[in-house]
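**Student:** Following this message is one structure expressed as structure tokens.
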Amino acid sequence: MAAPPPALRAPPGFVEPTFGRRLGGALVDLAVLFVPVVLLRATVAGGLGATAALVVVAAYHVVLTARDGRTLGKAAVGTRVVDLESGAVPSPGQALRRWLTVIAGSLVAAIAPALDLVGAIYGVVVLVPILSGPLHRGLHDRVASTVVTAAS
């Protein structure tokens, strides 16, 4: 019989954030990005507007997460993303993997609108694990070896 997997250990300084904090941070991020995305989509012709908006959203999430471990939304609610092992700010690669995992379902739906339902189901698969332990890590955190902690 195979040995059970080792227990997942929290990184140094980990403080479990509430679901409300995590949701609040995501809503602040949506509010911050809403105007630039709408303006780009409305003022830049064709698919270039959508592409420019996607680049802005990617830069916002990846650069801020890799630089500070937090977006403006996470800063507003007092949470941050850290490397699972060390508790340090995630590397740029981790930040990119984390964001790509979240956005993948939306990209599939954008490329093939007939797959909207697949994109919605994917979003649920990515985010529902946040509701349970250990460490309330969504698929995006598991792929990137990160965890969200309350800022200390």
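Each value in this text was obtained by applying a stated rule to the coordinates, not by laboratory testing. It should be emphasised that the depicted structure is a prediction, and the values quoted were computed from it without experimental measurement.
**Student:** Rounded to two decimals, what is the ratio between the C-alpha radius of gyration of the range 6-74 and 2.2 N^0.38 Å? Walk me through the numbers before you get to the answer.
**Tutor:** Working: Rg = 15.9 Å, N = 69, 2.2 N^0.38 = 11.0 Å.
Its radius of gyration relative to the 2.2 N^0.38 Å reference: 1.44.
**Student:** Okay, moving on. Between the alpha-carbon centers of the range 88-109 and the range 27-77, tell me the distance in whole angstrom.
**Tutor:** With the range 88-109 and the range 27-77 each reduced to a Cα centre, they are spaced 13 Å.
**Student:** Sticking with this structure for a sec: Work out which helices of the chain, taken as complete DSSP H runs, extend at least 20 Å along their axis over the Cα atoms and score a mean Kyte-Doolittle of 1.0 or more, then list them.
**Tutor:** 19-43, 46-68
**Student:** Hey, got the Cα dimensions of the range 6-152 along the principal axes, in Å, largest first?
**Tutor:** Result, largest extent first: 49, 28, 27 Å.
**Student:** In whole percent, what relative contact order does the range 1-149 give with Cα contacts below 8 Å and a gap of six or more residues?
**Tutor:** 25 percent
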